[in-house]
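In what follows, a single structure is set out as structure tokens and then discussed.
The values are calculated or read from the model by the stated rules, or taken from the named source; none is laboratory data. Not measured: the values here are computed from a predicted model. Cβ placement follows ideal geometry from the backbone for every residue including glycine, while neighbour counts extend to all protein chains displayed.
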Amino acid sequence: MKTSGNTILVTGGGSGIGEALAQRFHDAGNTVIIAGRRREALESAIAGRPNMHAIELDVEDAAGVADFTRRLLADHPAVNVLFNNAGIMRTEQLDRTRNLADAEATIATNLLGPIRLTNALVDHLVARPDAAIINVSSGLAFVPMLATPTYNATKAAIHSYTVSLREALRGKVEVIELVPPAVQTGLTPGQETRKGYLPLEAFVAEVMSLFSQVPTPPEILVQRVNFLRNAEKEDRFGQALAALNHPARETGGD
């Protein structure tokens, strides 16, 4: 993937990883459109940045995704990179009957959202030069955190979906998976300062360095996430599962 001269759409671009990477890609010489639910957060993220734009989007809403796509392409027909970053993370208890609203919202946002948006834009992207799709999964796709089972499952599904998408679009659109570890963001309460989590700026700096490699790796893996990503391959899945879910754990996934 080329790192400048693109027109990039970043979902979930009003905060956290999405905002930080959108701004870094903008700094690198790209036109960037960020999308998200909260207009105030979007406006704050683009403040003082020419060629950085904001459009409201709720990826849980299928009709809203279709309407968003029409507006996006009308205003920004040069879009050639889709960055599926929007996501939510909710804790759940599996050992008792519970209200499934959190699980259903997580699936709608983290899995159906990227599928719907990719489907809405794929014909456009196939026709664009230097097109790319970047899907954000998580280290928890590979070793689950027991408190967030549906989140883990959606990210495992995004990993699998990305593998299929990469093969289906080979030679047409570059498909990349970004796999964050636990990063200090506002994804969950208190996470922005949580001990043992990777500072956001350090994560973003390493990610941008990996994106600058030629060719771009199909998986963007900062060093911190390899503990989870490679656990099964290195025959230490049980060890990683126990360490991740220890009450005093120091590592996890965003």
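List of remarks:
- Filter result (closer than 28 Å to Q93 by Cα and in a helix (DSSP H, G or I)) within the range 163-208: Q191, E192, T193
- Test set (1) part of a helix (DSSP H, G or I); (2) touching an Asp or Glu at 6+ places or on another chain (Cβ under 9 Å); (3) buried (at least 19 other Cβ atoms within 10 Å of the Cβ) - A105 fails condition number: (3)
- Hey, L165 touching a Ser or Thr at 6+ places or on another chain (Cβ under 9 Å), of a type in the set (A, V, I, L, M, F, W, C), at pLDDT 95 or above and surrounded by 21 or more Cβ atoms within 10 Å (Cβ to Cβ) or not: no
- Positions within the range 161-194 being free of Cβ contacts under 8 Å to residues at least 40 places away in the same chain and of a type in the set (D, E), in sequence order: E167, E192
- Criterion violated by Y161 - all others in (1) under 15 Å from P181 (Cα atoms); (2) touching a Pro at 6+ places or on another chain (Cβ under 8 Å); (3) of a type outside the set (A, V, I, L, M) satisfied: (1)
- Filtered by the rule that a residue be crowded, with 21+ Cβ neighbours inside 10 Å, closer than 25 Å to G5 by Cβ and not small (G, A, S), the range 39-70 gives L42, I46, M52, L57, F68.
- Selection from the range 54-83 of residues that are part of a strand (DSSP E or B), out of contact with any Ser or Thr (no Cβ under 9 Å at 6 or more places or on another chain) and closer than 19 Å to L112 by Cα: E56
- Taking the numbered list (1) more than 21 Å from S15 (Cβ to Cβ); (2) among the polar types (S, T, N, Q); (3) in contact (Cβ under 8 Å) with a residue 12 or more places away in the chain in turn, S137 passes all entries but (1).
- Within the range 233-247, being in contact with a Phe, Trp or Tyr (Cβ under 7 Å, 6 or more places away or on another chain) and more than 20 Å from G196 (Cβ to Cβ) holds for no residue.
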